[in-house]
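Here the structure is laid out as structure tokens; the discussion comes afterwards.
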Amino acid sequence: MYGSLCISFFLCLLLLLFDKNYCQFEWITYDKIDEIMDRINSVNRDNCFQKQPNELVLPEEAVYQKPSIELLRNDIIMKNRTQLLHVRNIAHRNALLYSYLFQRLFDFEEPGLTYILLHNAADVTAGGSMINGSGIFFDQDKYYPHWYKNFFNKTIPLFGPYAWRADDFYDAFNWKNEWTNHTIQQEDIGAGGNHQYTSRYNRANEWYYKWLPDSIQDDQEKEVHPYNVTMSPSFVAINNDDKKENNQGEINDEKKNDTDDANKKRKPVHTVQLLLAERMYKLYDVTETIEFYGPPHPEDPQGPTLWTRPYFDCGRSNKWIISAVSPIVDIYPRHTTYRHFQSMRNLAVAVTNIDFIMMDINQCSEINQINRKLNLFAGTNKCKPTTRCEPLFGFGFRRGGYQCLCQPGFRYPPYQDGPFKGYIIEKATQEEYANNFDCLKVELYQQYPKYFYQSNIELFAGRKRRSNDDLSNRSIYNNLSKNFILPLLIDSVSKVNIIATLLTSSSSLFKTSIHRIASFSSKLFIGFVNNKHEDHIKKHRAKRFAYEYSTRVASIMKHYDYLNYNPHICEFMTEEELSMPGDVLYDVDIQFESQARLALTLSHFLSSFYQIVNPAEDFPLRKAELDLTDEQLIGEVLAAAGSDYKVVGIGIFFDRGKFRNYRLPYFGPYAFRMENDISQNYTVIDWAGLPDGYENEIWFRTMKTRWATNADRSELTEYWLKLFIRADYAGNALVHHESGFPLYFHAPELKHGQWFPPTFQCSRNYALPRQWIVTYAVPFFGLDVLGINLEFKGVIRIDTYLRYLDINQCSLPHYIPNAFKGSDRCDYQSTICEPIFGRGFRLGKYKCRCRPGYEYPFIDQNDFFNGDVMDIQWNILMSNNSRMSSFDQLKCRLAIANSIRPISFILLLSICVLFINGKFY
């Protein structure tokens, strides 16, 4: 027995000593990813309180391409950064909301404690994986809690309700003992132990110092209360430039003598125009204009939102997170006879964060880093010099989230189907890495076709092919397709069509020789393919281009452009003429997920409020939460519309009689921006006052028909809330929420909402913006009059710009609805179509990449054909303008060999054989 053990040990020792092949990962050197991973793994919930502050933060460069206003205007937000964009939008929205409500409403009408708690929880429940936590944090002695009894015009030391996604694995109500991500824990971190979040010794309060304490006071303000004027709605809608001058006339007169430094100290002014309903189907004749101070304007250099470094949220969610921070502005002090002390200040910050581990990292090196922030993980990819790196989406913080594409002038090996995946390269051994993942050199380049040759040929789709051999009587497209090796033998830089010249001016013997050379060469390179079968393929290809170019696609785009340039024509069109087919919205649920979740956040907040809050409750220290008011709902839609640049407008639409705290049976506040860009000017209109109302709109009727009689709890998602509030005014301890612990509510998910076909919004008197919009609607629910069953309360509607929706023209399976699929111009035999994202609602945004076994033939420092060029050349080919198009040359060629010497020898030999045969004939 001991002898066999000794022999086994000896063999293992020999393998370790003489085996020269390294195991997996041993050849990968220690880099920035390993360094950050070690720092992440060294901190946990048990030892985070003993760590130094610098051990609880990561470098700022660990998160690349943080969304900012400059980035939104000048760059494309890729899919791996839409999560950060949503976090930024929610933080900006909360700052706008509370800035408006605190300045607009009197103390007793402001949001109460439960309102704020449920609002933070809705950000997390509706955010999904995009949001880990949300909260608002007030500066020292800056919050006036009107919800305490006999506590008027007094402040509390600190107030910071913060909600995060809790671990519910061992909770009693989770009988499956599975993580559901449906449990939210919320605490007032300004109360209880370790509540000094304003202290510099706090380990996770970098968000506090982004905007607080506000050392810049707006001492130039003569009138700090909102400034109200009235004007006619038609004047507001049509004369936008004059509107700005009149709305801000008094403030501009006040500012005209100030210095530039004083103007920089001022808090940004946001303008809201309210157009409410006088009665059903009738709006007021004048609008009310409100100005309030809020977060910085998007055009300001600093922007409305700042980002923290990744940090460990010790003692709360116990995760590595990154936060977006936006300031909340209010007047301070509030009620005092010493008015010269009052000024607009940043009294609080709205903080929204996301799990750092869920964020994709970019291991690719940036070609141009001018005006770009540094990327800590740049250059950590394992792409070889013959390839280039391209990041992938959805990998999170781990290696391999990239792919290696061939450099221009190189092609993939015959056995490789597409780019080399980074996660496969990172798992390879050193021997596998050394002998694989390389691209092969391409030779025998062609000059990219830039010249068009004059001809007298007219192209007709239905023309039958001629049977003679005269090129001048046949379609240029057909001839070049049949002998696609022939262009390789000529220099495309020349301005003279050499082949056509030879065929027209030479003898018939020489013409026959040239045709034989081309035919014989093509057979050599493609393996003697049957001519009849090849002709059949080419005829089918020509027929597809002639008859299948989407007349439907062309009509859709023509209709889209026509109404964009002539919006006033919509008044003379029917409802069907102002809409598009539903299959235009391919991939809309992914591209506009952030906007749909913005509407879902409002739905979750209203559903939780109407299921949890009871105004008849009575508590020892604090007052009961009151019903929602119309001003609070106006603030909700106003803040949501102003936070996202892709949103046209958003509205809350109640069913008949469901909003009891209003004088009309219907209430539908809808907020939008009149400008097509990010701005600080908003308009809120009560849709119940429009001539046609909203109760008969298709999106409202569809949601009501689906949920009015079927609001069953089993079809909705249940969320649990663990709410901890302060026990007294000073916040000496935390206690459970008096309404119950834990609380729960039922709310819809994204799948319960619906996207509706694109429509051109054509309202009368320009009350609403005339735009091509895409509408998403989701319901919200509350308890019935008896407080037992759920009932349908209304619909949240959000409209986004259609121009931000990317078109996918590539081929898709037949069962996938997409109006534009298969409309690309790629050569299906040699290339494959790939969509280009971020270009909006425009055709030609795709690229034709070479298939495996083919290579890119041109020397233009590229490796694919641009969709715009393909469409242009095809239009030239079909336009009958007596110009020869280069469309037929925009295809990949067979990847024959790495050197041109064998090809040259074969061509020379074939020419000699054909010449000898022709001589004897």
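Values in this text are rule-based calculations from the coordinates and carry no lab data. On a predicted model such as this, the values are computed, not experimentally measured, just so you know. Using ideal geometry, Cβ is built from the backbone for each residue, glycine included, and neighbour counts are taken over all protein chains shown.
About its Cα centre, region 598-693 has a charge dipole of approximately 140 debye under the convention of +1 per Lys or Arg Cβ and -1 per Asp or Glu Cβ, with nothing else charged. Take the alpha carbon gyration tensor of region 344-423, find the square roots of its eigenvalues, order them as a ≥ b ≥ c, and report rounded if a/c is under 1.5; if not, report prolate when a/b exceeds b/c, else oblate. In terms of gyration-tensor shape, prolate. Descending by average beta-carbon neighbour count within 10 Å, the peptides 39-50, 431-442 line up as 431-442, 39-50, the highest first.
Taking every C-alpha pair closer than 8 Å and separated by at least 6 residues, the mean separation divided by the residue count of region 558-668 gives a relative contact order of 15 percent.
Quick check on packing: order 605-617, 682-694 by the mean number of other C-beta atoms within 10 Å, highest mean leading.
Values: 605-617: 19.2, 682-694: 21.2.
Ranking, from highest mean packing down: 682-694, 605-617.
Once amide H atoms are built 1.01 Å from N in the peptide plane, which residues 5 or more positions from residue 330, or in another chain, come under 5 Å H to H? Sorted by chain and number, the residues that satisfy this are 345, 347. Summary of packing: across the peptides 126-138, 732-744, the per-residue average of other C-beta atoms within 10 Å ranks them, highest first, as 126-138, 732-744.
Could you tell me how far the Cα centroid of region 782-804 sits from the Cα centroid of region 591-652, in Å? That distance is 11 Å. Shape class for region 591-648: prolate, because the ratio a/c of the largest to smallest gyration tensor axis (alpha-carbon atoms, square roots of eigenvalues) is 1.5 or more and a/b beats b/c. Which of the pairs 142/267; 382/421; 658/751 have their Cα atoms more than 19 Å apart in this structure? The answer is 658/751. Quick query: amide H of residue 585 versus all other amide H atoms, modeled in the peptide plane; which residues come in under 5 Å with a sequence gap of 5 or more or a different chain? Those qualifying (amide H under 5 Å, at least 5 residues apart or on another chain) number zero. Once you have a ≥ b ≥ c as the square roots of the Cα gyration tensor eigenvalues for region 613-710, tell me rounded if a/c is under 1.5, and otherwise prolate or oblate according to whether a/b is larger than b/c. It comes out oblate by the Cα gyration axes.
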